[in-house]
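Contents: one structure, followed by commentary.
The values are calculated or read from the model by the stated rules, or taken from the named source; none is laboratory data. Remember, it's a predicted structure, so these values are computed and weren't measured experimentally. A quick note on method: Cβ atoms are made from the backbone with ideal geometry, for glycine too, and the neighbour counts reach across all protein chains shown.
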Amino acid sequence: MKTMIRLIALLLIGRLIGGCASSQKAYEGPSRPHRDVAVLSVGKNVRIRWVDRYDLVVSGKQSAELLPGEHSVWVYFAVQAGPPREVVDSVVQRSDGTIAHVFTHTVRPTYESITPLRLDFTAEPGRTYVLNGYWNGVMPHGEATVTISDASSKTIVGQGVTEY
C-alpha cells in the first residue's frame, strides 16, 4: 500500500513540475510524439506571434511544436529598458481620511518591436531549437538580432531589426 501511495505521489509531483512549461501545436490533428516533431523553445527577449499560418502567442517557458520541414516564424523582440519600479494601483482610506492600505504592482519597462520579424528555417524531427534576441546598443538606439539555434547553440538563422 505504501508503495502505491509513493508511486501516485511521484506521478502527481512529476505532473506538477512538467506543467510549468507548456507547448503549443503549430499543426493540425492529434499530438504527435517528440521524435516526430521539432520543438521551438523561446529563450530571452522574444515572443513568437505566428508559426506559418498558426496564430500563437508563445513566450517565457513555452514552446511551439512543429512538423518537420520549412517554416516561417514571426516574432516580436522585447527587451527590458530599465529597472523594475513600483506603481500605485489604488489607495484605501479610512473614514477619517488616513491611509489604510496602498495597493501596488511592479512594472518592468520594455521596448518591443512595432512589427513582427520573420525568420524562415527548416525543422528536423526530434530536434529542439531555441529562439533568442540580442540587443546591440544603448536603448532606445541600436539593433536587435533574433536567432534560431539548435541544441549545440549553432545559429541556424539570424535576422536584425531596428524598427521600434
Exercise for the section: Name the one entry in Thr106, Thr115, Thr128 that is modelled with pLDDT of 90 or more and not aliphatic (A, V, I, L, M). Expected result: Thr128
Completion exercise
If we take the stretch 1-64, then strands (runs of 3 or more DSSP E) inside it with 2 or more residues that are at pLDDT 90 or above are 23-25, 38-42
Problem - Residue satisfying all of: in the stretch 65-93; closer than 18 Å to Thr115 by Cβ and crowded, with 17+ Cβ neighbours inside 10 Å; modelled with the highest pLDDT among these - result: Val73
